[in-house]
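The structure appears below as structure tokens.
Throughout, read-outs are computed from the coordinates displayed, never taken from laboratory work. Here the structure is a predicted model, which is why all the values come from computation and not from measurement. As a convention, Cβ positions derive from the backbone with ideal geometry for all residues, glycine included, and neighbour counts pool all protein chains shown.
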Amino acid sequence: MAQFDVYVNPSESAAHGIPFVVVVQSDLLDALATRMSIPLASIEFSEKSPDNLCPMVMVNGQGLRALAHYSAPLPTRSLRQQVGNLAHQASVLIAAMDMVGSSILQHLGLLLIPASVAWWF
């Protein structure tokens, strides 16, 4: 199981609007029994999502939104059917995850950003 592999959503109840998940966890953590994953939602399900937080990705010709703010660990054993890999879109997925983490840290005052560039965040 490699970083950025795409799997069929193991949750049958959510698979209609979120057909796939992408593993974003580093391969260095393969010993863990879970994989940090981002749900990939259909455009209809997520049409008002901000691009920098929920970038558009393509899986088997289908445009989907990566909902980084809903990332969660999934049991490795539940990720059974691999359908692709998004390594070629790694930069947008990592940037979306950074946005989730950086925004939280900034809100808690744990991320120190010079006032001159704070408007950027």
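Please list, in order, the residues from region 1-16 whose amide nitrogen is less than 12 Å from a point placed 7 Å along the Cα→Cβ vector of GLN62. Correct set: 7-10, 15-16.
For the peptides 33-40, 5-12, what is the packing order when you average, over each peptide's residues, the other Cβ atoms within 10 Å and list the highest mean first? If you can, show how the numbers build up before the last one.
Numbers: 33-40: 20.8, 5-12: 17.0.
Result, highest mean first: 33-40, 5-12.
Which distance in Å, rounded to a whole number, links the C-alpha centroids of region 78-97 and region 1-44? Region 78-97 and region 1-44 have Cα centres separated by 8 Å. Summing charges over all other residues whose Cβ lies under 13 Å from the Cβ of PRO55, with Lys and Arg as +1 and Asp and Glu as -1, gives -1.
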